[in-house]
Structures are given as C-alpha cells and as structure tokens.
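Report on the following structure.
Coordinate-derived values only; no laboratory data. The model shown is predicted, which means the values in this text are computed figures rather than measured ones. Neighbour counts run over all protein chains shown; Cβ positions are idealised from the backbone, glycine included.
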Amino acid sequence: MTFSAVLFDLFDTLVRFDRNRLPEVQINGASVRSTAGHLFPILAPYAPGVDLPRFYEALIWSWREAERLRAADYREVGAPERFGLLFRRLGLEPAGIPSEVLEALLSTHKRYLSQAARFPPEHRALVARLARRYKLGIVSNFDYAPTAHGILERERVSGLFQAVVVSADVGWRKPKATIFEAAFHRLGIGPGDALFVGDRADIDVLGANAVGMAVAWLNPSGESAPPGLPAPEYEIRSLAELSRILGSHG
C-alpha cells in the first residue's frame, strides 16, 4: 500500500504526558499533582468563601463533566466552556468573571500542562525523516489548541506538519468524520492517500477506518482490541515500526 501522507494522533502517540511533572499541591493534607495550586490564586478574588480544597474538587468535577458531555456525541467541550462548568460548580456566574481572569486561567493551565508533555527525541527524529517524503498532519482530541501548538513549537517540529487539526478548533472530536475531513482538506488529499497513527482503538482506529483511512494502531502493551471494533491494518508496539510499514523510504 502506497501513501503520500501520514497523520498522527498527538497525546500518547507523538507526545507523552507525565503527570508527575505537574505541580504538586497539598489538598486536605494529601499531596496531589494538579494545576489547582496555581489556578486558585487567580480566581480567589472573584470567589469569596471558596477555599483551595473546594476549588480542587470543582476543577476535577469539571473535567469529569466535560468528559461525560463529550462521550454523548463527541462534541468538543473546549477549555473556556469547561472553566464555565467550574465557575457554576462554585456558584459563580461565568458572565461575572472578567475576560482577563479567564485568559489568565487558560494560559496558566496551558503552561503547566505543557511542562508535563514530553516529545521524545526519537519521535522528533522519526518525524523529520518522514517529512522528507510524506505530507504530515496531526489530528488531536484536545480542548485547547494553543497548548498543542505550543508544544510543537517548543520542540521545534511545528514546521514539519502541514496540518495540525485540534478538536477545540473544529468543534468535534475523533471518531467523528469532521475532524479527519478537516485534515484532508488542509493537506489536499483523500482518505486513501494517508496512513493514520494513533493509540486509541475506540477513537483512532474506529474513526480513521470509518472515513476510509488505513490505520497503524500504536499498542505498546499488546492489549486486545475492544470487541466489535474494526481490526487495524497494522499494529505496532512503537513508532519505530512505521519504517517497516512505510518501506525503506520511511
């Protein structure tokens, strides 16, 4: 099978997220890894009576609620909307929070999440090799596109990708066809021209196969695919195996 483009999932495929790199904060005597300790002082002047433990609970709840909403129809719940859920959980009216406060929350959250994301050197070398022969793109489920773009810029690989499509910008998450089709449009390709590489069988494999793409499922642990899902064309334990799939020019 010949491809002219390779599309990647971002988090847990190209980028590894290490929760231990998040800031440490004490909540009710317990040490947790969270951005809450840096976010709370920003909101505290506008949330009288709210202490750090209550803020942390609301932050965790907002993430879970956003995940519940996303699972219903794959509509993206962007980071600003998620912070709106947080505000309401705390009894605050989102319209009463100044826009500069929301921006400060978003940028602070982005900064510390980005610090926890690592782009392994071997992945950078692989992408650089592939970029000499293929059009490259990223199709990522993520609620705040500046975080994704910032990581790629920090790692000096953003220029290797002709299309970076983030669900926060499109409004829909994988496995919806819309997010894949946005990448096809930006790259000027059809689904049969590209190989998709991702780590989630229920999102990446299902979504890419549904729009007619071949898929390389990144499955480091060798786990079984969930029943009822299509079998990927390829299954790999690491991205290094893409060279075998793509041939000697990969």
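Suppose the Debye formula is applied to equal point scatterers at every Cα of the range 19-115; what is log10 I(q)/I(0) at q = 0.17, 0.18 Å⁻¹?
The Cα Debye sum returns log10 ratios of -0.76, -0.86.
So if I restrict to the alpha-carbon atoms in the chain, what is the Rg, and what is Dmax, the biggest pairwise distance, in Å?
19.5, 63
What does the charge dipole of the range 77-190 about its Cα centre add up to, to the nearest 20 debye, if the Cβ of each Lys and Arg holds +1 and the Cβ of each Asp and Glu holds -1?
Numbers: 17 positive and 10 negative charges, 121 e Å.
In total the dipole reaches around 580 debye.
In whole Hz, what ³J(HN,Hα) sequence does the range 152-165 give by Karplus (6.51, -1.76, 1.60; θ = phi - 60°), x for Gly and Pro?
5, 5, 4, 7, 6, 10, 4, x, 7, 10, 7, 8, 10, 10
What residue among 67, 100, 155 has the largest mean-square fluctuation in a Gaussian network model of the chain, using Cα springs under 10 Å?
The residue with the greatest mean-square fluctuation here is 100.
If the elastic network links every pair of Cα atoms under 10 Å, which of 121, 80, 94 fluctuates the most in the Gaussian network model of the chain?
Highest fluctuation of the listed residues: 121.
What is the extension gain from residue 223 to residue 4, computed as 0.36 nm multiplied by their sequence separation minus the C-alpha to C-alpha distance, in nm to one decimal?
75.9 nm
Please give the charge dipole size of the range 138-195, origin at the Cα centre, charges +1 on K and R Cβ atoms and -1 on D and E Cβ atoms. Round to the nearest 20 debye.
The dipole magnitude comes to about 80 debye.
Could you let me know the centre-to-centre spacing of the range 1-35 and the range 146-223, using Cα atoms, in angstrom?
Distance between centres, Cα-based: 17 Å.
For the residue pair residue 68 and residue 243, what label-to-label distance in nm results when each label sits 7 Å from Cα along the Cα-to-beta-carbon direction?
Each label point is offset 7 Å from its Cα along the Cβ direction, giving 4.8 nm.
Once label points are set 7 Å from the Cα along Cα→Cβ at both residue 50 and residue 18, what is their separation, rounded to one decimal in nm?
3.2
Please report, in cubic angstrom per residue, the volume enclosed by the convex hull of the alpha-carbon atoms of the range 85-200. Don't skip to the answer; put the middle values down first.
On the way: hull volume 16.0 nm³, N = 116.
Each residue corresponds to 138 Å³ of Cα convex hull volume.
With a 10 Å radius around each residue's Cβ, average the other Cβ atoms per peptide and rank 232-243, 208-219, 32-43, highest first.
Output ranking for 232-243, 208-219, 32-43: 208-219, 32-43, 232-243.
Go ahead and run the numbers for FRET between residue 75 and residue 185, Cβ-Cβ distance against an R0 of 22 Å, rounding to 0.05.
So, using R0 = 22 Å, E works out to roughly 0.65.
Positive end of the charge dipole of the range 19-115 (Lys, Arg +1 and Asp, Glu -1 on Cβ, about the Cα centre): tell me which of 47, 58, 97 has its Cα farthest that way.
My answer, from the dipole projection, is 58.
When the Karplus curve 6.51 cos²θ - 1.76 cosθ + 1.60 is applied with θ = phi - 60°, which whole-Hz ³J(HN,Hα) does each residue of the range 84-93 get, with x for Gly and Pro?
With coefficients 6.51, -1.76 and 1.60, one gets x, 4, 4, 4, 5, 4, 8, x, 9, 8 Hz.
Please give the charge dipole size of the chain, origin at the Cα centre, charges +1 on K and R Cβ atoms and -1 on D and E Cβ atoms. Round to the nearest 20 debye.
Taking the Cα centre of the chain as origin, the dipole is about 460 debye.
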